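Asks: To start, I am sharing the structure in question, which I have written as structure tokens.
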Amino acid sequence: MEKLKNLFKEKADKLGAEIKDLLKEHGSKKIGEVQLSQAYQGMRGITGMVYETSLLDANEGIRFRGFSIPELQKSLPKADGGSEPLPEGLFWLMLTGEMPSAADVNALSADWRSRAKVPAHVFKTIDALPIETHPMTQFVVGIMAMQTQSQFAKKYSEGINKKEYWSFIFEDTMNLIAGLPEVAAYVYRRKYKNGNFLKPSSELDWGGNFAHLLGYDSEKFRELMRLYLTIHSDHEGGNVSAHTTHLVGSALSDPYLSFAAGLNGLAGPLHGLANQEVIKWIFEMQKALGTETPSSQQIEQYVRKTLSEGKVVPGYGHAVLRKTDPRFTAQAEFAKKHMPDDPLVNVVWRVFETVPPILQSLGKVKNPWPNVDAHSGALLVHFGMKEYDYYTVLFGVSRALGVLSAMIWSRALGFPIERPKSVTTANVKGWLKGEEQIWGD
Ligand code: CMX
């Protein structure tokens, strides 16, 4: 992939020089003021990092290098006869800021196919775990086992110039992304399909091959995977998985170590694990109500019960978004096109009509609208993938595209180790009483 690598280098040199000038002239300007409540409450609203690949607007949702999801669906190259974007194209766009041609994307698909050589010890390492181990744990352990392949770690220990870091981060990223479908599918087939593994296709694109390796070979499921892997890839830099990858990478940990750390954050129920929690919650609701097609009134009762038990309604709310997530809308559009009468999809839509006013009425939920995780499970169940414990692995495969392309940028721009300052409540109390503050002006 010399073309992609050279194009990236050209862009990185140009932006690096611009940033140098920008900091010389404006480096001391403030882009935000930290309030005490922000320090205590999850750093909301603090702008404190640069992350080049995507940007989140609270009302409009995510844009990847300036492109909204519908714009990506229109402009990114598709598989033959398909209408959803190929995630390889989004990787190219996030890395270079340029929309790739169909030939670029085909070449990238072929490059990833040729790099997808997962060493045997990775599968043996996963096999050492009890079968009941959560799929995300198995997946992360597999990625950690892949770390033996890190070119960056090898070159660093041999001694390299810091100007070369990005080049080996690029190679690791390409190899890691190439191998992810096989490792992720291995976890699925090991846990749910009696270890009946499938061979990779020598022709399919990255998303299509992943669908194939999982054992779902219909063209519609491949299209779903292409859309799924595109829309879950990135959500600017501050979310737990992106920020963790960024933070760990800033210590010059290689892409395998950094991405595995990010995935451990994705495995939390307030972040990526919410996609399994949504469908689990719906199945439990159907069981408790004794019907597969609950009415709005029944759903309302069940939502109130969930809240009264001190639980969150999974798939609703967001730390930054304040409107319905366009990733939810993209999946709803897919469902309207391919499966408008699916009963579970219709339950998801009824939940969407019912939940926001209830959350709004609590007076404390800042965003009562659905996020990406509210819809994805129902689409998968439609195709027979009912093993919801696995869903976050799919999210994780996609997330690699965004957080690792951002990591290449971080090393190319020479970002230093991340190290924000913390305080203790004793410091804060002393400061409030007029004692000397221990942080800078
Ligand atoms: N159900 C019930 N209560 C909710 C809620 C929900 N879906 N969303 C927020 N709240 C509550 C919070 O728990 C908090 O309550 P307390 O003050 O009692 O602690 C209050 O409303 C204020 O929270 P907020 O400022 O609106 O939301 P946060 O930024 O703190 O948290 C998020 C954001 C996503 C963790 C939260 O909305 C949530 O828990 N949602 C459900 C889980 C989920 O869907 N996560 C996936 C997010 C997308 C992703 O990362 O994949």
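Asks: Extending each Cα 7 Å along its Cβ direction at Glu435 and Ser37, get the distance between those two points in nm, one decimal.
Replies: In this crude spin-label approximation the distance works out to 2.6 nm.
Asks: Another question, if that's okay. Going out from 0 in 10 Å bins, what whole percent of all Cα-Cα distances in segment 97-219 drops into each bin?
Replies: Histogramming segment 97-219 at 10 Å steps yields 12, 37, 33, 16, 3 percent.
Asks: Continuing with this model, one more query. Give the share of C-alpha pairs in each 10 angstrom bin for segment 183-340, from 0 to the last occupied bin, in whole percents, shortest bins first.
Replies: For segment 183-340, the binned pair fractions read 9, 25, 36, 24, 5, 0 percent.
Asks: For all pairs of alpha-carbon atoms in the chain, what percent lies in each bin of width 20 Å, listed from the first bin to the last filled one?
Replies: 24, 56, 19, 1
Asks: If the reach is capped at under 19 angstrom between alpha carbons, list the aspartates and glutamates near Lys193, excluding any in the same chain fewer than eight residues apart.
Replies: In chain and number order, the partners are Asp127, Glu132, Glu182, Asp217, Glu387, Asp389.
Asks: Ok, one more. Among all helices in the chain defined by DSSP H, which have a length of 30 Å or more along the axis from Cα atoms plus a Kyte-Doolittle mean of at least -1.0? Before the final figure, lay out the partial values.
Replies: Numbers: long enough: 2-26 (35 Å, -1.02); 165-192 (39 Å, 0.05); 391-412 (33 Å, 1.07).
Helices meeting the criterion: 165-192, 391-412.
Asks: Next up: Among 195-202, 109-116, 121-128, 321-328, what's the highest-first ranking by average C-beta atoms within 10 angstrom per residue?
Replies: My ranking of the peptides, most packed first, is 321-328, 109-116, 121-128, 195-202.
Asks: OK, next. Strictly over 29 Å apart at the Cα level, which of Lys14/Lys162; Lys191/Lys280; Lys20/Lys366; Lys74/Lys220; Lys74/Lys199; Lys220/Lys280 would you flag in this model? Before the final figure, lay out the partial values.
Replies: On the way: Lys14/Lys162 17 Å; Lys191/Lys280 18 Å; Lys20/Lys366 38 Å; Lys74/Lys220 18 Å; Lys74/Lys199 32 Å; Lys220/Lys280 24 Å.
Checking Cα-Cα distances, Lys20/Lys366; Lys74/Lys199 exceed 29 Å.
Asks: Another question, then. Can you show me the helix-derived [θ] at 222 nm for the chain, built from DSSP H runs with n ≥ 4 at -39,500 (n - 2.57) apiece and divided by the number of residues, rounded to the nearest 500. Could you put the intermediate results ahead of the total?
Replies: Working: 20 runs with 264 residues, N = 441.
One gets -19000 deg cm²/dmol as the mean residue ellipticity at 222 nm.
Asks: State, in angstrom, two size descriptors of segment 314-441 derived from its alpha carbons: Rg to one decimal place and Dmax to the nearest whole number.
Replies: Expressed in Å, the Cα Rg and Dmax of segment 314-441 come to 21.5, 66.
Asks: Another question, then. Probe radius 1.4 Å, ligands and nucleic acids ignored: give me the carbon and sulfur share of the accessible area of the chain as a rounded percent.
Replies: Carbon-and-sulfur percentage of accessible area, whole number: 53.
Asks: Before I look further, what does segment 163-285 give for accessible area per residue, probe 1.4 Å, in whole square angstrom?
Replies: Spelled out: the 1.4 Å probe surface of segment 163-285, per residue, equals 30 Å².
Asks: Which aspartates and glutamates have a Cα less than 20 Å from the Cα of Lys30, not counting those fewer than 8 places away in the same chain?
Replies: Result set, ordered by chain and number: Glu18, Asp21, Glu52, Glu418, Asp441.
Asks: For segment 1-99, what's the radius of gyration and Dmax over Cα atoms, in angstrom?
Replies: Gyration radius and largest Cα-Cα distance of segment 1-99: 17.6, 54 Å.
Asks: Give the cross-link partners of Lys429 among the lysines, using a straight C-alpha distance below 19 Å as the criterion and excluding same-chain residues fewer than 8 apart.
Replies: The qualifying lysines are Lys421.
Asks: Right, here's the next one. Whole number in Å², please: accessible area per residue of segment 307-383, 1.4 Å probe, ligands, DNA and RNA not counted.
Replies: Computed with neighbouring chains in place, this is 42 Å² per residue.
Asks: Could you tell me the accessible area of Ile231 in Å² (1.4 Å probe, neighbours in place), rounded to the nearest ten?
Replies: Probe radius 1.4 Å; accessible area of Ile231 about 0 Å².
The values are calculated or read from the model by the stated rules, or taken from the named source; none is laboratory data. Predicted model, so just to flag it, every value in this text is computed and none were measured. With ideal geometry, Cβ positions are generated from the backbone for all residues, glycine too; neighbour counts draw on all protein chains shown. Accessible surface is based on the protein model in full, side chains and every heavy atom, while ligands, DNA and RNA are left aside. Shrake-Rupley method; radii C 1.70, N 1.55, O 1.52, S 1.80 Å.
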